[in-house]
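Student: I'd like to ask some things about the structure below.
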């Protein structure tokens, strides 16, 4: 199955949040995903709201957390082939600021 970041962020993440509303409350942050490479781009996931979480207009929003990585590594995270800790340790994933909510991101995006 060929996944794209757009599909994961714009379709899978909202479906996951509808199925598991506690996840939105646990993370409760505005997150900028900055994905580099083919099919990459920038998305805001605003988990401080109760709906309409995903935005593609990233210029008008100030994120509380920024997640930067390649599209390939993002898809590896989504498919559970890679993990946040491993990617961060080798410098292929940049998250600012690092906090306890970071580990919840895997639950948000994994399929």
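Student: May I ask you to give the average projected area over all directions of the convex hull of the Cα atoms of the stretch 5-109, in nm² rounded to one decimal? Before the final figure, lay out each step's value.
Tutor: Details: hull surface 23.9 nm².
The orientation-averaged projected area of the Cα hull of the stretch 5-109 comes to 6.0 nm².
Student: Taking only the C-alpha atoms, wrap a convex hull around the stretch 55-111 and report its volume per residue in Å³ as a whole number. Each step should come with its number before you reach the end.
Tutor: Working: hull volume 5.4 nm³, N = 57.
In the stretch 55-111, the Cα convex hull volume per residue is 94 Å³.
Student: What does DSSP give for the chain in terms of the percent of beta bridges that are antiparallel, rounded to the nearest 5? Could the numbers behind the result be given before it?
Tutor: Numbers: 12 of 18 bridges.
Of the beta bridges lying entirely in the chain, close to 65 percent run antiparallel.
Student: Calculated from DSSP H runs of 4 or more alone, at -39500 (n - 2.57) each and per residue, what is the 222 nm mean residue ellipticity of the chain, nearest 500? Working shown, then result.
Tutor: Values: 5 runs with 34 residues, N = 111.
The helix-only estimate for the chain comes to -7500 deg cm²/dmol at 222 nm.
Values in this text are rule-based calculations from the coordinates and carry no lab data. Not measured: the values here are computed from a predicted model.
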